[in-house]
Amino acid sequence: MRFNGHGTQIVFSQCTRASRTDDRNPTATLCWLRRAEVALGAMIRFIGRRVAFMLATMLVASVLLFVLFELSSADVAVSALGPYSTAEQRLLWQTQNGYDLPALARYFEWLARFVTGDWRVSRSFNAPVASVVLSHLVNTGILAFWVFVFLVPLSLLLGVLAGMREGSALDRVISTASILLASVPPFASTVLVSAIFVFGLGWLPGTSSMIDGFSWRELVMPVIVLVAYDLGYVARITRASMAEVMTTPYVRTAILKGLPRSRVIWRHALRNALITPVTVLLLHVNWLITGVIVVEFFFAYKGFGSLILQAAMSQDLFLLEACTIVTVAIAVASQTIADLAYMYLNPKIRFR
Amino acid sequence: MTSGSVIKGKLGQVNAKASALRIVLVQVARLRESRVAMIGAGLVLFWIIVALLAPLIAPFPPNATIQPLAKPGTLASNGHIFWLGTDHLGRDVLSRIIWGARTVLVYAPIATGSAFALGIPMGLFAGYKSGWIDEILSRTSDLVLAFPTLVLYIVLIVKFGASGLNIVLAVTIASSPAIMRITRGLVIDLRTRGYIYAAQLRGESAWYVMLVEILPNARGPLIVDACLRLGYVTMTIGTLGFLGLGLPPPDADWGGMINEARQFAIVFPHIVVFPCLAVSSLVLGFNLLADGVREISLRE
Amino acid sequence: MREEKLMELDGVSVSYFGRAGEAAAVTHVSLDIAQGEALGLVGESGCGKTTLAAAIMGHFSGTGRITRGRIVFQGRDMAGLGSAELRKIRSGGIGMVYQDAMSALNPSLTIGEQLAEVVVFQRNTSWKLARREALSILQDVQLPDPARIAAAYPHQLSGGQQQRVVIAMALIARPALLLLDEPTTALDVTIEAGIVELIASLRARHRMALLYISHNLGLIAQVCDRVAVMYAGEIIEQGPIDAVFAQPRHPYTRGLIGCIPLPHVDPAKRPLMPIQGQAIQAQDRPAGCAFGQRCAHFDHSLCGIGFIALEPADKAELHVVRCCRWRTVGDDENAAAGTERGKIRRVVDDAILSVRKLDKNYAVDGRGLWGMLLGKPVPVIRANQELSFDAFKGQTLAIVGESGCGKTTLAKVLTGLEVATAGEVRYENANIGRIPAQARTPELLRSLQMVFQNPDETLNPSFSVGTQIARAVGKLGGGTRERIALRTRELLEMTHLTPAIAARRAHQLSGGQRQRVAIARAFAGDPRIVVADEPVSALDVSVRAAITRLLMDIQQRHGTTLVLISHDLGLVRYIADRVVVMYLGRVMEQGTVEELFLAPYHPYTEALLSAVPLPDPRQRKRRIVLTGELPNPLHFAVGCPFHSRCPRKVGLVCENDQPPRQQAPGGHEISCHIPVADLLRAQGSSVWSQTPTGQN
């Protein structure tokens, strides 16, 4: 992740020389334009590199998928028609769908088909793969949205409070709670939370399949489980970052300049301490897909995670392929956004 | 060659082995410096001992179906007590937890170890040699890291079946890029030190410099990561078991235990609560150990 | 009537409280600073001066605490102040200037904001007014283009600019006292001279008091009115500058002054006198005199027991010293000097290493979108351009220059850690500039070794030092286990280390000891040429002299050729036979030591020599302060690389044409457009005027 640095630096010094010698400064405007152009060029170059990387990743993923699942025509036929089909039915299907061609040709045909959006039909759902994937993605999106709404402010706040006064009683309480929360795996906490709220207290429904339309109450437990686990992890990272920033020389300078403590924390410390946690949170979209599988499975929530699982378990090939590609796309996109955010927040990289 | 020198040679070898052991023990003894590390080490050690002594301390065979859904503390017909009760198939929960520890504590270290065995040399190479080797290794690891890990596991295991070996392979493939990244970063930081240049000016081979001069000085963060990763892998093994993708039954597997029993958790919470506590305590142990080791290495 | 002092420290003791208990850092220090007075605080690492600064500011990093005594500022005892009042003193009372400017500035905020906020929170003004004041203070510290600087982030400025900003940040609050903690240690000599001059002029203009903390006696002599010397946490001598420097009473002060090599003095007439042993921390103090174990005049019955108080050493009671025997000490020093052997200079013709038109370029990325599309060439940094010089057998060749001049790159090319882009390095009829270290034969590797700059990174922390030396011996010399062990012991003896050191690890040794081990390691294979890259810059002043002497002795005994890279001109005068002066990748001047330190000088050499602070307040020198910054190395200079800062710039010819290599009498070469005769006329005989003692 390298930003074009020296271009801007050269331009800076050129501009200085120009503006010093030239009173009227038409060169200053030109300088500004040139500076903007160089910076923009660097930005475009960076985004271009990332997009290329994204495409490369998806390509590799597609090759892997193809090799794993589509290479053997017989397996595909079984997957399409079910395990109880006869050999003749499968052979017929194969010739009908072009599976008697050599592997390489099939790969490109498959790739072309994929890219144009023809994702075939899912056997287990008996519906087009695209619509199934979309509807489940939306559900997970809702879940993820609510998780982030609670996770981001809570984890950042707790982490900052803990790191602000390292070693204090508050810090110890928050640290202990964080490490405990981060040590309970989601599959364990789903069961425990469920045991308490559904069976012990009877407050909440046992599953979240939303058969009767959308229901808030069914969303509560999945959100609690996901927030609890992530909270521990992100709070710890935030705490470490904040504690480190509080011991830096520039925070000491701010204190010794006679600034009030609120200004020191708000403007000097937080500005630098939050760079890492925010980047991590953006990367969490990636993790959420992973963590959400367990939660959706347990609560029978019709989300993207349980879809992947179902596709894998029932060997529904077309569905599985589509899900994997979408997963990779989301992962790479979130990585790119996180990288951009880090570059934006870190002035050393943004202004060179 | 006289017998005297032969004996001296052998003594030399014994001496070398003894001093290597001593170095390791000294390092382990330093754990005492951090209370957090001690607690973590205690938890982990507890489970290691439980796993080692499984045949001796488990009151019942883990797969023997004896008395379904017995509450904790019930007396069995053969005179032993079901300390933690039995599950829906009649198997003793305590024994299954004890034997389940064995499963986890065999596969987690092996998987983590093999991930490190692959990731460290890659990272050393990428960081020290730079150039196009670095580019290729870094881009490849970026690629693998872009895949969400659980999806990767699911895809691999669904295709190749669930077995111990496949789990180890899946973990290795998924974890070694991250380890490679960490090692590479450490190497890039260390390779401009004076003693590295001095080694190069002596004509030392690249592997000597990487393994003898650089790696021992990179051990701090790597050990911390190893502890954390053991925790993650423990959780992953549990998650896979929970999803039904773990080791095939009837092997005792904490995740699988929790999954099988979840519909009975209404009336018989003991079947799920104890395995939850077991896995959480082991992961907690690894996390605390990681924190403690980090504390110690920062202090020196 | 006693003047009301601005700040008084009365018997202050500070300790740190860690897991190992209490560790004393400062013991019973009493100081005072009057309004507008400049007090210098001198000491080496571990003497407690930084702790004292922290105590004055009331902010300890870690677990420090004032255990005894009081600090009174503007008549008020600082211990009794609440946090609001403390804040008021910090902005407006005492301003602090830090050592490492880059890390003292917040990397995420603009300079303008960091300056303006001081004003806003001190005087409750609006941000607009505060920003205007920030611009004016940036002008006060002589930064060009204040508007651009105010809008910039710290990492976009050079080291010198950052330090000026830090000074501006302290000044903008209009403090009564300015506390400077090693403000120029991280800067090049010519930049340092500019900063020091700025401080002096600001002080005169604002009539501020200064507390200037430094280990550099020369700087203190230049800036301060009075000086206090600290050792192991206590003040051991204090007094007016002239008195203390002309007649140092304490053996440590004498030692400090005596172990600094001076560029303006003929080393044959003033040999270096290292102080034996190493500096101790306050917590390791023995009973009696803290300096006793290193003092040649130590007498246990007098100096080894009980507390030694500060005694006046002159009638006016301005000059005080903490020593029992100061009256008797003094005459012995001169006697010892007579027996000390200076460097024996030989005239030698045999060039062992010849560098001809050496070029070394580094590629850098950064073409910009248009550049890439248009196929513009990849920008390079020309670290070395057309270097040509010789190193003669058994002699010391010094490469002098500031940061960015390419001297470290040169060292890497010579030893094979980098490969030359063009040109030759001839050694034994082969061009070794093109042979990287991994392709060199064992004989070649053995003959050309290197000593590195940073003693903290020069040894592997995971192994014992004995193992590392033995490995070097084995790899470079070979032999049986016994032979290697024997040679290891020899090398340790050669560098004056006890055999017991071999079992220790690097972190258990002091900086000086580590560097000795590094020297032992470099000499393991009995090399013919040793490249030493700033071998003593990172060491304490009192240790530098010892290591320098060691290098010199080893070289003279073994006939090794030494290529010494340094920015310390006093050291160069002491130890070198020939000197090459580099600036921005090119050779500006080269010649023997005698030729270089007397006129005619290249204008850069002249500025360099005048910038060296001398610990002798009576010595006058021509003041040449370079303006501007080191130009961007990516800018390929067509003409003379020094033209942008040269005080003797002739005109456009300096910008457009490569300066010719003019020969002065002897082998002296100067690359300048100004004819040598003109330079000689303009520069007189030397940068330093003759002192009464005629020490030139």
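Quick notes on this one:
- Options C:Ala116, C:Ala147, C:Ala130; residue that is small (Gly, Ala, Ser), open to solvent by 20 Å² or more (accessible area, probe 1.4 Å), part of a helix (DSSP H, G or I) and more than 8 Å from every other protein chain (Cβ to nearest Cβ): C:Ala147
- Whichever residue in region C:526-550 is more than 19 Å from the chain's Cα centre (by Cα) and surrounded by 23 or more Cβ atoms within 10 Å (Cβ to Cβ) and, among such residues, is nearest to C:Asp616 (Cα to Cα): C:Val531
- Conditions (1) open to solvent by 40 Å² or more (accessible area, probe 1.4 Å); (2) at pLDDT below 90: number failed by B:Leu118: (2)
- The residue pairs whose first member lies in region C:186-215 and is closer than 20 Å to C:Ile56 by Cβ and without any contact (Cβ under 8 Å) to a residue 60 or more places away in the chain, whose second member is surrounded by fewer than 19 Cβ atoms within 10 Å (Cβ to Cβ) and of a type outside the set (S, T, N, Q), and whose beta carbons are closer than 8 Å, counting only pairs six or more residues apart or on different chains, are C:His206/C:Arg174.
- Within region C:259-288, tally of residues that are open to solvent by 30 Å² or more (accessible area, probe 1.4 Å) and not in a loop (DSSP other than H, G, I, E, B): 2
- Any hit, region A:157-164, residues being surrounded by fewer than 16 Cβ atoms within 10 Å (Cβ to Cβ) and under 26 Å from the mean Cα position of the chain (by Cα): yes
- Look at (1) more than 12 Å from chain A (Cβ to nearest Cβ); (2) surrounded by fewer than 22 Cβ atoms within 10 Å (Cβ to Cβ) and you find that B:Val293 fails only one, number (2).
- When residues of region B:82-119 are limited to those that are part of a strand (DSSP E or B) and of a type outside the set (S, T, N, Q), the one nearest to B:Thr149 (Cα to Cα): B:Asp92
- B:Glu135 fulfils the conditions (1) open to solvent by 40 Å² or more (accessible area, probe 1.4 Å); (2) within 14 Å of chain A (Cβ to nearest Cβ); (3) within 28 Å of the chain's Cα centre (by Cα) except for a single criterion, (3).
- Residues being out of contact with any Phe, Trp or Tyr (no Cβ under 9 Å at 6 or more places or on another chain), of a type outside the set (Ser, Thr, Tyr) and open to solvent by 40 Å² or more (accessible area, probe 1.4 Å) are entirely absent from region B:224-240.
- Being modelled with pLDDT under 90, open to solvent by less than 10 Å² (accessible area, probe 1.4 Å) and not aliphatic (A, V, I, L, M) is a description that does not apply to A:Gly232.
- Qualifying position, being free of Cβ contacts under 8 Å to residues at least 24 places away in the same chain, out of contact with any strand residue (DSSP E or B) (no Cβ under 6 Å at 6 or more places or on another chain) and surrounded by fewer than 23 Cβ atoms within 10 Å (Cβ to Cβ), among C:Leu81, C:Leu109: C:Leu81
- Test: residue in region B:46-53 that is farther than 13 Å from B:Arg102 by Cβ and either touching a helix residue (DSSP H, G or I) at 6+ places or on another chain (Cβ under 8 Å) or not β-branched (Val, Ile, Thr) (or both): yes
- Residue list for region B:168-203, restricted to those being more than 20 Å from C:Ala472 (Cβ to Cβ) and either among the β-branched types (Val, Ile, Thr) or within 13 Å of chain C (Cβ to nearest Cβ) (or both): B:Val168, B:Val171, B:Thr172, B:Ile173, B:Ile179, B:Ile182, B:Thr183, B:Val187, B:Ile188, B:Asp189
- Test: residue in region A:268-286 that is open to solvent by 40 Å² or more (accessible area, probe 1.4 Å), facing another protein chain (nearest Cβ under 7 Å), part of a loop (DSSP other than H, G, I, E, B) and closer than 30 Å to C:Val166 by Cβ: no
- In region B:258-280, the qualifying residues are those that are among the small types (Gly, Ala, Ser) and facing chain A (nearest Cβ under 8 Å), and the one that is nearest to the chain's Cα centre (by Cα) is B:Ser280.
- Any hit, region C:526-543, residues being part of a helix (DSSP H, G or I), among the aliphatic types (A, V, I, L, M) and in contact with a helix residue (DSSP H, G or I) (Cβ under 8 Å, 6 or more places away or on another chain): yes
- Note on region C:153-168: residues that are within 12 Å of C:Leu143 (Cβ to Cβ), part of a helix (DSSP H, G or I) and open to solvent by 10 Å² or more (accessible area, probe 1.4 Å) total 3.
- A:Val220 being under 18 Å from the mean Cα position of the chain (by Cα) and at pLDDT 65 or above: no
- Within the set C:Arg440, C:Arg483, C:Arg434, C:Arg471, the sole residue that is at the interface with chain B (Cβ under 9 Å from one of its Cβ atoms), open to solvent by 60 Å² or more (accessible area, probe 1.4 Å) and at pLDDT 90 or above turns out to be C:Arg471.
- All of (1) among the β-branched types (Val, Ile, Thr); (2) within 14 Å of chain A (Cβ to nearest Cβ); (3) open to solvent by less than 30 Å² (accessible area, probe 1.4 Å) hold for C:Thr63 with one exception: (3).
- C:Thr627 meets each of the listed conditions (1) over 22 Å from the mean Cα position of the chain (by Cα); (2) β-branched (Val, Ile, Thr); (3) in a loop (DSSP other than H, G, I, E, B); (4) surrounded by fewer than 19 Cβ atoms within 10 Å (Cβ to Cβ) apart from (1).
- Screening C:Ala53 against (1) in contact with a helix residue (DSSP H, G or I) (Cβ under 8 Å, 6 or more places away or on another chain); (2) closer than 28 Å to C:Asp188 by Cβ; (3) within 11 Å of chain A (Cβ to nearest Cβ); (4) open to solvent by less than 20 Å² (accessible area, probe 1.4 Å) leaves a single unmet condition, (1).
- Out of C:Ser388, C:Ser403, sole residue that is assigned to a loop (DSSP other than H, G, I, E, B) and open to solvent by 10 Å² or more (accessible area, probe 1.4 Å): C:Ser403
- For region C:636-660, a residue qualifies if it is within 14 Å of chain A (Cβ to nearest Cβ), open to solvent by 60 Å² or more (accessible area, probe 1.4 Å) and modelled with pLDDT under 85, and exactly one does: C:Phe636.
- Qualifying residue in region C:30-44 (condition: away from chain A (no Cβ under 14 Å), in a loop (DSSP other than H, G, I, E, B) and touching a His at 6+ places or on another chain (Cβ under 6 Å)): yes
- Matching entry among C:Ser462, C:Ser510 (being facing another protein chain (nearest Cβ under 9 Å), among the hydroxyl-bearing types (Ser, Thr, Tyr) and over 30 Å from C:Arg586 (Cα atoms)): C:Ser462
The values are calculated or read from the model by the stated rules, or taken from the named source; none is laboratory data. Note that the coordinates shown come from a computational prediction; the quantities given were computed from them, not determined experimentally. Cβ atoms come from the backbone with ideal geometry, glycine included; neighbour counts cover every protein chain shown. Just so you know, the surface numbers come from the protein's heavy atoms only, side chains and all, with ligands and any DNA or RNA stripped out. Shrake-Rupley method; radii C 1.70, N 1.55, O 1.52, S 1.80 Å.
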